[in-house]
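The structure appears below as structure tokens.
The values are calculated or read from the model by the stated rules, or taken from the named source; none is laboratory data. None of the values given here were measured: they were computed from a predicted structure. Glycine also receives a Cβ, built like all others from the backbone with ideal geometry; neighbour counts cover every protein chain displayed.
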Amino acid sequence: MARYTGPKSKKARALGEPIFGFDKAFEKKKYPPGQHGNSRRRGQKSDYSNQLKEKQKAKYTYGLLERQFRNLFEKANRKKGVTGEVLLQFLEARLDNTVYRLGMAPTRRAARQLVSHKHIVVNGILNNIPSTQLRPGDVVTVRGKSQGMLVVNDSIAANKSDAKKFGWLEFTPSKMEGKFLEYPERVNIPENINEQLIVELYSK
């Protein structure tokens, strides 16, 4: 199953955002990697450079590779609505991202692993495909045999105060069960991504 396995801090510094979550290395060095990373002589970036940066930021934040991301963009482009917003809605509706948002896993990478290792059930059916697109009304649950896992319990305990943080999701900690209520409005998606630049990039 293809995914990015390179250095996380270096990639976060290159994109200027803690895209993989809190990172001490990123907090200490909030400038691009390389010998000229902290130089004040860096020139103004071109429109293409800014557009590419936003696409890369979205890809690495949600854990997609280029072909997956391109296919999802084309799907969003075919759907009615604002393409950039629809794209982010599709990214948020991925099963691995929803497991992360519900607090069942501490990071998206951990959520992806929970899904691929068959610890997650969707609408009562075991699902090990992280890219599964959820629809309003879908119920996501930690598999019965997996509910005793320390990583799951620790993550849920740590995120109890955030259980209602995302209005498009509903979570019941006692059952380790969440529900995807609706596609989120753009204003409610917390990721610092300028989706319009991504649309402009793919529209060339």
Problem - Index of the failed condition, LEU197 passing every other in (1) in a strand (DSSP E or B); (2) assigned by TED's automatic domain parsing to the domain that holds GLU54; (3) not small (Gly, Ala, Ser) - result: (1)
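Results for (1) within 19 Å of the chain's Cα centre (by Cα); (2) modelled with pLDDT of 95 or more, shown as yes or no for each residue.
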residue	(1), (2)
PRO130	yes, yes
ASP138	yes, yes
ARG143	no, yes
LYS160	no, no
Completion exercise
Across region 175-189, the tally of residues that are part of a helix (DSSP H, G or I) and either under 18 Å from the mean Cα position of the chain (by Cα) or not assigned by TED's automatic domain parsing to the domain that holds LYS118 (or both) stands at 3
Problem - Filtered residues of region 143-174 (kept if in contact with a Lys or Arg (Cβ under 9 Å, 6 or more places away or on another chain), outside any loop (DSSP other than H, G, I, E, B) and buried (at least 18 other Cβ atoms within 10 Å of the Cβ)) - result: SER146, LEU169, PHE171
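When only residues in region 109-138 that are in contact (Cβ under 8 Å) with a residue 60 or more places away in the chain and crowded, with 22+ Cβ neighbours inside 10 Å count, which is nearest to PRO173 (Cα to Cα)?
Top of the filtered list is ARG112.
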